[in-house]
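Trainee: Got a structure for you, written out below as structure tokens; questions coming shortly.
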């Protein structure tokens, strides 16, 4: 018996030692070897999905953007704190007239392959992005562009087909990042990206990880993180366990259900920022029953949004406003401008108009908080007397079904990358986009006019007023029921600091240092 | 001639009756099997009398009373994330698991037995049937189910169909295997030479001999069907919410494994008990059917 | 034997052809548009139309299928819609991980399965039998995504003995083996239980067979009765299960790879289905199907050695 215990003890010790020693060798967090400097030897981020590709021109997904934003840079960027647009690769810009944008570029910047960053590179990138032969997923970003002219090495002139207010917002979008023309002609940027950013590309094992390294020649000095690894971990619980075990140092988009678990971990800090994204219930306006304003009012008054938000563990901001608090065009008076929760009103309307006799399908994607919303709202609508069945679908089928308009009610979300109200209202609710991105098939001529004005006006004060009017029009109409505005989250190993978390859900690790 | 036929059939009847009693007796001597039978009986009772043994509507939410722990007032198994009574959901879930399992297994068995018998018995058909079986089989089960559900849409009926198709090839291979090993036996050869019809040989003589592996397979499949439903729910392709399906309950509860582990563990135990019960009963049956088995 | 192998080879071609058609038509019928998966929710209709044109998705079904088959006949698996990289390349990166996982799980399953099954059968109805049966049934009734996360919680997060996820180190290194342990147990448990039950059933069946009784009556030692007479005969259903299960294992890798963040073909496949990346789905299914057929060919060959009564013409 004694012998057995001894054996067991030896075995466990051996295992523990093995585990510890290997932990040291594979330890990815900060190092003390460089004499207390702020340098971080390597930082690993767990990504739920793999990047589709590493070229800003050919991709439009967040996993790719996470890499692209660290390797490439855009002409303009949005300040994460103030949400104002400021030049990045650009030096300055001016508008001689409503249709013309003259952009001066910073000088002396080189791409990672040694190519000079100049007006030619800008023209090359933008022409490629908008060329129909490229079939770029976000060609529409430059849809208003008419001509691009190189004035001199560091000046480029862009003419738009019509006055276009959110143009700078479009240029700060990561899909409008500037690529090295020589590299693009020589190699496939989807596999080997070359930009001007603070990180250089090292390797990509598709499905496994992307490895970047600090760019020693970066103009503001190289970042403290020497090696940045973006590792694919498709299961969020696994990613959280890896964070706890120290195998990764950084995860984002924390699931609401597991927030308390992460907050309870001793080795990480949770960071939160109110976001620009939102989740809302929408009606399919192509169905005549849904065009009845009393029906929409009944639905809106039956949904207790406060009760729902209490389920989000603080990761949701309550406001009726379609244009969220972090988005340009928001006025705080719109917070309570929608139809309030009032179960009695809902019940009365249901009874009066016989809505209980109409079977309603509530379409929902089977991911993230969509299912949570569907379950809660289905129960609340049933409480008011509606006859609602949930229909969940996988994402691809959902996108197709919603686009085709085969539903009564559904939940949609919009992560507003440019943080501009026009970029929210135009694609999602303008009648131009019925049959494509306007999945509600909402069509209101008065509203359309306001949205158009918000896009063509270049005066920002005026735009604010116009967007607010459009916002209120939708709320009066009960066109959507806003469930919540999101809170952007990340968890970072607590020996690190300096993560920049953007309300749009983007983040930047180039300022991360050891504590 | 006619007399002898009549005589044999009477003998057979008697033999059958006797066999049934013997099998039941043997089965009841097997303690594990008896435990399994009790669990299954309880589950069936739960499924039938669900409204009488629960005090809450299984889909009724109460967001103020969510994630209650076990042994709370009014909710002895606690409540889930939406404040729904876990006990009611487990009881109503028994219905769903049983129905989905039975439908999926029955469909799969019908297809599998037919294909397996034909393939094992007729050499000419064997090639073609085995190619069909291979085609179905070389698809990973979950992938096949995912493709079927992608086309048909997410629902429990489609899950049952998908799972049944996925059990056809396994069943067919097993049946074919036993047919192959029995077919060559002397008494079957003898019967053939005496002019017995193929159908008669297949269903009267070979099928009963393949009974043990089929029973073992069917019981295991009942288990697998319930687990597969859970796996599909885990991938978001199972029951439509708020249906109280056990597998869906596990995958929903998984997000709360660190705060309210009972939300995963209770439906997990329900599944395990059911699976266990079907397996031990199948096992016991198998032993009992076997006439040469020593029962101690 | 050689004739059989040649015949099987032709059958494989027929099979792969059938599979491409099945996958192609089901992906075609399933709702969901590859273009909107590439463009994302922010893409406009004109963006999507350009993508569809570029991928040839506007062509009629038979044109698309014909194009695929023509390329396939030349050994070209095509390009991924999503990443625009060659499908063969994407699979080649991931396949070693899946194979590693499948083989490791099978080894675990066979060892545990045969051992537990033998004990059950030899000590029929004893407490050892009950324990091992209960254990086997427990293994088979645990959903593997659930088991996986429990194992991670215990051995990686709390005890910190084994890494949480990943399979990037070579298998012959200590680190590589440690990475394999949890996923292989997760995936192998179900098969182990299945093998244990089959070993038990068939052993019991053989034990009471006449020739074994005769051997016993003749006074052959118990141990050689087991090894020579029974185990060999009992191997037929066991090998069937192993052959069958290897396919199921490859399928089971889908969930295990997801839980343990393993960069394998299973995960590639579900991601491809979700993204409606048809060429990628086709490529990975073809690979798994081919493997499956090869494993079963080997199983059939082994049959003829173990039971000479089964013959292949």
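Only the coordinates and a few stated rules stand behind these numbers; no lab work does. If you're wondering where the values come from, they're calculated on a predicted model, not measured in any experiment. Here the Cβ is made from the backbone with ideal geometry for all residues, glycine too, and neighbour counts use every protein chain on show.
Trainee: Within 10 Å of each Cβ in A:206-212, how many Cβ atoms from other chains are there, averaged over the peptide?
Mentor: Mean inter-chain Cβ contacts per residue within 10 Å come to 5.
Trainee: Determine the distance separating the Cα centre of region A:136-211 from the Cα centre of region C:75-141; give it in Å without decimals.
Mentor: If you average the Cα positions of each part, the centres end up 46 Å apart.
Trainee: Using only atoms on other chains, find how many Cβ atoms lie within 10 Å of each Cβ of peptide C:269-275 and report the average.
Mentor: Averaged over the peptide's residues, the number is 5.
Trainee: For every helix of n ≥ 4 consecutive DSSP H residues, a contribution of -39,500 (n - 2.57) applies; sum these over the protein assembly as shown, divide by its total residues, and give [θ] at 222 nm rounded to the nearest 500 deg cm²/dmol.
Mentor: Taken over the protein assembly as shown, the calculation gives -17500 deg cm²/dmol.
Trainee: Oh, and also: Compute the Rg to Rh ratio over region B:50-153 from the alpha carbon atoms, using the Kirkwood formula for Rh, and round to two decimal places.
Mentor: Result for region B:50-153 is an Rg/Rh of 1.26.
Trainee: In the calculated pair distance distribution of chain B, what percentage of Cα-Cα distances lie above 30 Å?
Mentor: 44
Trainee: Taking Cα atoms, how many degrees apart are the long axis of helix C:45-55 and the longest axis of chain C, rounded to 10 and kept between 0 and 90?
Mentor: Helix C:45-55 sits roughly 60 degrees off the main axis of chain C.
Trainee: Can I ask one more? Just report the Cα centroid separation between region B:154-174 and region B:222-256, whole Å.
Mentor: Cα centres, region B:154-174 to region B:222-256: 16 Å.
Trainee: What per residue convex hull volume, in Å³, do the alpha-carbon atoms of region A:343-444 yield?
Mentor: Spread over its residues, the Cα hull of region A:343-444 gives 125 Å³ apiece.
Trainee: From the P(r) of chain A, can you give the percent of Cα pairs sitting at distances over 45 Å?
Mentor: Values: 26189 of 132355 pairs.
Across chain A, Cα pairs with separations above 45 Å total 20 percent.
Trainee: Sorted by average packing, counted as other Cβ atoms within 10 angstrom per residue and highest first, what order do A:250-260, C:86-96, B:187-197 take?
Mentor: Result, highest mean first: A:250-260, C:86-96, B:187-197.
Trainee: Here is a further query. Using Cβ counts within 10 Å as a stand-in for footprinting exposure, how do A:481, C:206, A:150 rank, fewest first?
Mentor: The order, fewest Cβ neighbours first, is A:150, C:206, A:481.
Trainee: Sort A:85, B:53 by Cβ crowding within 10 Å, fewest neighbours at the top. Walk me through the intermediate numbers first.
Mentor: Working: A:85 20, B:53 12.
In order of increasing Cβ crowding within 10 Å: B:53, A:85.
Trainee: Now, a different point. Calculate how steeply helix C:87-122 sits against the longest principal axis of the alpha-carbon atoms of chain C, using the helix alpha-carbon long axis, and give the answer as 0 to 90 degrees to the nearest 10.
Mentor: Compared with the principal axis, the helix lies near 20 degrees.
Trainee: Something else about it: How would you rank A:311-321, C:295-305, highest first, on the average number of other Cβ atoms within 10 Å across their residues? Show your work: numbers first, answer last.
Mentor: On the way: A:311-321: 19.3, C:295-305: 16.4.
Descending packing order for the listed peptides: A:311-321, C:295-305.
Trainee: Within 10 Å of each Cβ of A:414-426, how many other protein chain Cβ atoms are there on average?
Mentor: For this peptide, the per-residue mean of nearby foreign Cβ atoms is 1.
Trainee: Where does helix C:2-29 land angle-wise versus the long Cα axis of chain C, in degrees 0 to 90, nearest 10?
Mentor: The two axes meet at around 50 degrees.
Trainee: Right, here's the next one. Taking a cut-off of 23 Å, what percent of all Cα-Cα pairs in region C:56-159 are separated by more than that?
Mentor: 59
Trainee: Going by C-beta contacts inside 10 Å, put C:146, A:204, C:127 in order with the fewest on the left.
Mentor: Lowest to highest Cβ neighbour count: C:127, A:204, C:146.
Trainee: Percent antiparallel among DSSP beta bridges with both residues in the protein assembly as shown, to the nearest 5?
Mentor: Among the beta bridges of the protein assembly as shown, antiparallel pairing accounts for roughly 75 percent.
Trainee: A follow-up question, please. If I histogram all Cα-Cα distances within region C:91-306 using bins 5 Å wide from 0, what percent of pairs lands in each bin?
Mentor: Binned Cα distances yield the sequence 1, 7, 13, 16, 16, 15, 12, 9, 5, 3, 2, 1, 0, 0.
Trainee: Moving on. Ranked from highest to lowest mean number of other Cβ atoms within 10 Å per residue, what is the order of the peptides C:67-80, A:377-390?
Mentor: Final packing ranking: A:377-390, C:67-80.
Trainee: Across 10 Å bins from 0, what is the distribution of all Cα-Cα pair distances for region C:24-87, in whole percents?
Mentor: It works out to 20, 51, 27, 3, in whole percents.
Trainee: Using just the C-alpha positions of the protein assembly as shown as equal point scatterers, what log10 of I(q)/I(0) does the Debye formula give at each q in 0.08 1/Å?
Mentor: -0.92
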